[in-house]
Amino acid sequence: QKEVEQDPGPLSVPEGAIVSLNCTYSNSVFQYFMWYRQYSRKGPELLMYTYSSGNKEDGRFTAQVDKSSKYISLFIRDSQPSDSATYLCAMSLIGSNYKLTFGKGTLLTVNP
Amino acid sequence: EAGVAQSPRYKIIEKRQSVAFWCNPISGHATLYWYQQILGQGPKLLIQFQNNGVVDDSQLPKDRFSAERLKGVDSTLKIQPAKLEDSAVYLCASSPGRGKETQYFGPGTRLLVL
């Protein structure tokens with residue numbers, strides 16, 4: 001079993017839809033959870049960063065962590081064509097020099 | 001603020017040849033990372049430097065890969081000899097260190113080994 005599992009999609013939605021992206025993980029000591037967005041032929045850029053369980057909102061984006069289920073989610077409200085990208089979940093352990101373990105990424109296309 | 005710079009952006013080589021990639025991190029960032037991203041996969045950490053010292057190179061295939069960060073600024077990653085399975089995007093990232101660990105990624109170098 002991989003440490004971090006992420007459905008690679010692809011996921012295609014109409015503009016304005018609510019998008020839900022998810023990852024599960026097996027290592028219960030992960031403490032930091034991140035979502036990166038990667039446009040085609042670009043490097044990943046950090047979207048959201050959460051520590052431990054709970055929700056965090058930033059504009060149209062909400063990150064959710066459920067440590068009891070080892071499950072994290074990213075919700076995108078009112079999706080836009082500019083949101084079309086690959087979304088990568090990542091996580092790290094306390095005391096691991098912030099070494100990131102990434103999921104495979106989910107390719108999202110938002111159609112106008 | 002200038003971002004992480006990488007060169008070249010693309011490289012095509014034949015197997016058994018050698019290749020080198022260069023990274024210039026964001027000014028003042030103490031920590032530098034090299035990742036390998038195979039098509040359809042998430043980035044995998046190859047090596048992490050703190051200033052010019054190696055913090056983690058546990059996933060670096062040391063028989064063929066080497067990396068250095070002289071003077072704690074720029075870094076080079078070398079593959080010698082290359083194999084077909086080394087075809088990937090090589091991403092460099094940097095972070096400020098000192099408890100501020102958000103990683104900023106460069107655009108990557110796309111390597112194709114034929």
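The values are calculated or read from the model by the stated rules, or taken from the named source; none is laboratory data. Predicted model, so just to flag it, every value in this text is computed and none were measured. We place every Cβ from the backbone using ideal geometry, glycine too, and count neighbours over all the protein chains shown.
Cβ-Cβ distances below 7 Å connect the following pairs, each with a first residue in segment A:90-112 that is surrounded by fewer than 20 Cβ atoms within 10 Å (Cβ to Cβ), a second residue that is modelled with pLDDT under 95 and among the aromatic types (Phe, Trp, Tyr), and a separation of six or more residues or different chains: A:Ser92/A:Phe30; A:Ser92/A:Tyr32; A:Ser92/A:Tyr98; A:Leu93/A:Phe30.
Among the residues of segment B:52-99, the ones that are farther than 23 Å from B:Ser18 by Cβ, loosely packed, with under 15 Cβ neighbours inside 10 Å and in contact (Cβ under 8 Å) with a residue 24 or more places away in the chain come to 1 in all.
Selection of segment A:24-45 for residues being farther than 30 Å from B:Ser7 by Cβ, assigned to a loop (DSSP other than H, G, I, E, B) and within 14 Å of chain B (Cβ to nearest Cβ) yields an empty set.
When A:Tyr98 is tested against (1) over 30 Å from B:Ser7 (Cβ atoms); (2) of a type outside the set (Gly, Ala, Ser); (3) not in a strand (DSSP E or B), only condition (1) is not met. Quick one: in segment A:90-112, of everything that is under 19 Å from A:Tyr25 (Cβ atoms) and in contact with a Pro (Cβ under 9 Å, 6 or more places away or on another chain), which residue is nearest to the other protein chains (Cβ to nearest Cβ)? So the residue we want is A:Phe102. Tallying residues that are in a strand (DSSP E or B) and either aliphatic (A, V, I, L, M) or modelled with pLDDT under 95 (or both) within segment A:3-23 yields 7.
Take segment B:76-114 and flag every residue that is assigned to a strand (DSSP E or B) and over 26 Å from A:Ile94 (Cβ atoms).
To start, the set of residues in segment B:76-114 that are assigned to a strand (DSSP E or B) comprises B:76-79, B:88-95, B:97, B:100, B:104-105, B:109-113.
Scanning segment B:76-114 gives B:Thr76, B:Leu77, B:Lys78, B:Ile79, B:Ala88, B:Val89, B:Tyr90, B:Thr109, B:Arg110, B:Leu111, B:Leu112, B:Val113.
You will find that of A:Tyr87, A:Tyr49, the residue that is at the interface with chain B (Cβ under 10 Å from one of its Cβ atoms) and assigned to a strand (DSSP E or B) is A:Tyr49 and no other.
Scanning for something within 11 Å of chain B (Cβ to nearest Cβ), surrounded by 14 or more Cβ atoms within 10 Å (Cβ to Cβ) and part of a strand (DSSP E or B), does segment A:59-79 turn up at least one residue? Working first, answer last.
Step one: of segment A:59-79, the residues within 11 Å of chain B (Cβ to nearest Cβ) are none.
There is no residue in segment A:59-79 that is within 11 Å of chain B (Cβ to nearest Cβ), surrounded by 14 or more Cβ atoms within 10 Å (Cβ to Cβ) and part of a strand (DSSP E or B).
Listed by first and then second residue, the pairs with beta-carbon distance under 6 Å, at least 6 apart or on different chains, first residue in segment A:1-21 and more than 12 Å from A:Val110 (Cβ to Cβ) and more than 14 Å from chain B (Cβ to nearest Cβ), second part of a strand (DSSP E or B) and of a type outside the set (Ser, Thr, Tyr), are A:Ser20/A:Phe75. Restricting A:Lys56, A:Lys104 to those that are charged (D, E, K, R), part of a strand (DSSP E or B) and out of contact with any helix residue (DSSP H, G or I) (no Cβ under 8 Å at 6 or more places or on another chain) reduces the list to A:Lys56.
Please verify whether segment B:2-19 includes one or more residues that are in contact (Cβ under 8 Å) with a residue 60 or more places away in the chain, of a type in the set (A, V, I, L, M), assigned to a loop (DSSP other than H, G, I, E, B) and under 30 Å from A:Gly9 (Cα atoms). Looking through segment B:2-19, at least one residue is in contact (Cβ under 8 Å) with a residue 60 or more places away in the chain, of a type in the set (A, V, I, L, M), assigned to a loop (DSSP other than H, G, I, E, B) and under 30 Å from A:Gly9 (Cα atoms).
B:Leu32 falls short of the stated requirement of being more than 14 Å from chain A (Cβ to nearest Cβ) and more than 18 Å from A:Gly105 (Cα to Cα).
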